[in-house]
């Protein structure tokens with residue numbers, strides 16, 4: 001998806017490296033400037049792969065892959081009935097990127113209608129990626145699956161203006177314990193805890209114990225603070241992480 005208003009999709013069939021000929025997808029688009037673009041779930045990835053076989057032009061790939069051709073409402077090509085998401089599109093432009101084997105051809109499309117199965121929606125009517133279980137093509141024979149622990153959420157910076165990594169105190173920013181991801185999460189807060197909040201947190205038993213234990217060892221004090229903060233960050237508690245990091249002996 002390259003835009004939402006108007007809704008634009010782009011994909012790129014390449015020139016064959018074997019004989020420099022155009023793939024069937026490109027030939028079809030040039031003959032009929034309409035397409036249906038689908039999102040493929042893991043449950044049908046093998047059928048999708050089978051459908052990509054370079055059969056002769058007259059062969060029905062729906063039948064070969066065991067998929068059902070559903071009549072589209074606004075374009076001539078049919079859609080895959082089993083796919084949970086299908087976009088009916090008109091082709092605005094086909095932009096060749098070269099003539100050598102492997103060269104791309106950008107097919108720029110405007111979405112006319114989206115078909116979305118109800119079973120992939122959450123309670124608010126939005127697509128739930130956990131239900132969608134989508135796959136994406138990588139290189140060669142490799143694919144990736146957007147499900148389980150591969151899915152995670154990050155608060156969008158557009159919802160707030162983070163202080164930035166450059167505003168993090170040097171002794172925290174130069175930590176040997178905290179990673180770039182940790183620092184990015186710390187820099188995404190709008191403001192730091194107040195002195196009062198830091199002082200109240202400093203009365204906790206674990207902080208008092210560390211103060212006594214590392215009274216004469218600044219490096220160990222900082223390392224243990226950073227380890228505790230890192231644990232809080234990995235649990236998603238950024239406020240707690242900051243309250244730990246801003247403690248003073």
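The values are calculated or read from the model by the stated rules, or taken from the named source; none is laboratory data. Quick caveat, the model's predicted, so the values are computed rather than measured. With ideal geometry, Cβ positions are generated from the backbone for all residues, glycine too; neighbour counts draw on all protein chains shown.
Within segment 26-47, how many residues turn out to be closer than 20 Å to residue 138 by Cβ, in contact (Cβ under 8 Å) with a residue 60 or more places away in the chain and surrounded by 14 or more Cβ atoms within 10 Å (Cβ to Cβ)? If you could, list the steps in order and put the result at the bottom.
In the first step, residues of segment 26-47 are kept if they are closer than 20 Å to residue 138 by Cβ; the result is 37-47.
Subsequent filtering for residues that are in contact (Cβ under 8 Å) with a residue 60 or more places away in the chain retains 37, 39-43, 45.
From what is left, the residues that are surrounded by 14 or more Cβ atoms within 10 Å (Cβ to Cβ) are 37, 39-42, 45.
Residues that pass the stated criteria total 6.
Quick one: would you say residue 129 is farther than 22 Å from residue 27 by Cβ, in contact (Cβ under 8 Å) with a residue 12 or more places away in the chain, touching a helix residue (DSSP H, G or I) at 6+ places or on another chain (Cβ under 6 Å) and surrounded by 11 or more Cβ atoms within 10 Å (Cβ to Cβ)? Step through it out loud before you land on a result.
Working: farther than 22 Å from residue 27 by Cβ: yes; in contact (Cβ under 8 Å) with a residue 12 or more places away in the chain: yes; touching a helix residue (DSSP H, G or I) at 6+ places or on another chain (Cβ under 6 Å): no; surrounded by 11 or more Cβ atoms within 10 Å (Cβ to Cβ): yes.
So residue 129 fails the test.
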Of (1) exposed (fewer than 12 other Cβ atoms within 10 Å of the Cβ); (2) over 24 Å from residue 15 (Cα atoms), residue 138 satisfies every one except (2)
Pick from 53, 68, 14: which is in contact with a strand residue (DSSP E or B) (Cβ under 8 Å, 6 or more places away or on another chain), exposed (fewer than 14 other Cβ atoms within 10 Å of the Cβ) and farther than 13 Å from residue 113 by Cα? 68
If residue 143 passes every condition in (1) over 19 Å from the mean Cα position of the chain (by Cα); (2) outside the structural domain of residue 227 (by TED's automatic domain parsing); (3) surrounded by 14 or more Cβ atoms within 10 Å (Cβ to Cβ) but one, which one does it miss? (1)
Please enumerate the residues belonging to segment 37-46 that are more than 22 Å from residue 16 (Cα to Cα) and in contact with a strand residue (DSSP E or B) (Cβ under 9 Å, 6 or more places away or on another chain). 38, 39, 40, 41, 42, 44, 45
I'm trying to understand the selection: among the residues of segment 114-125, which are surrounded by 15 or more Cβ atoms within 10 Å (Cβ to Cβ) and part of a strand (DSSP E or B)? 115, 116, 121
Given the condition without any contact (Cβ under 8 Å) to a residue 40 or more places away in the chain and farther than 21 Å from residue 10 by Cα, answer yes or no: does some residue in segment 98-114 qualify? no
Read through the list (1) surrounded by 12 or more Cβ atoms within 10 Å (Cβ to Cβ); (2) more than 25 Å from residue 219 (Cβ to Cβ), then give the number of the only condition that residue 156 fails. (1)
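Here is a yes/no grid of residues against (1) modelled with pLDDT of 95 or more; (2) under 14 Å from residue 244 (Cα atoms):
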| residue | (1), (2) |
| --- | --- |
| 131 | yes, no |
| 134 | yes, no |
| 142 | yes, no |
| 148 | no, no |
| 154 | no, no |
| 158 | no, no |
| 162 | no, no |
| 178 | yes, yes |
| 196 | yes, yes |
Residue hits (segment 218-247; within 16 Å of residue 192 (Cα to Cα) and touching a residue at least 40 places away in the same chain (Cβ under 8 Å)) are 229, 233, 238, 239, 241, 242, 243, 244, 245, 246, 247
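Among the residues in segment 157-168, are any in contact with a helix residue (DSSP H, G or I) (Cβ under 7 Å, 6 or more places away or on another chain) and touching a residue at least 60 places away in the same chain (Cβ under 8 Å)? Give the steps one after another, and end with the answer.
Within segment 157-168, the subset in contact with a helix residue (DSSP H, G or I) (Cβ under 7 Å, 6 or more places away or on another chain) is 165, 168.
Filter once more, keeping what is touching a residue at least 60 places away in the same chain (Cβ under 8 Å): none.
No: segment 157-168 contains no residue that is in contact with a helix residue (DSSP H, G or I) (Cβ under 7 Å, 6 or more places away or on another chain) and touching a residue at least 60 places away in the same chain (Cβ under 8 Å).
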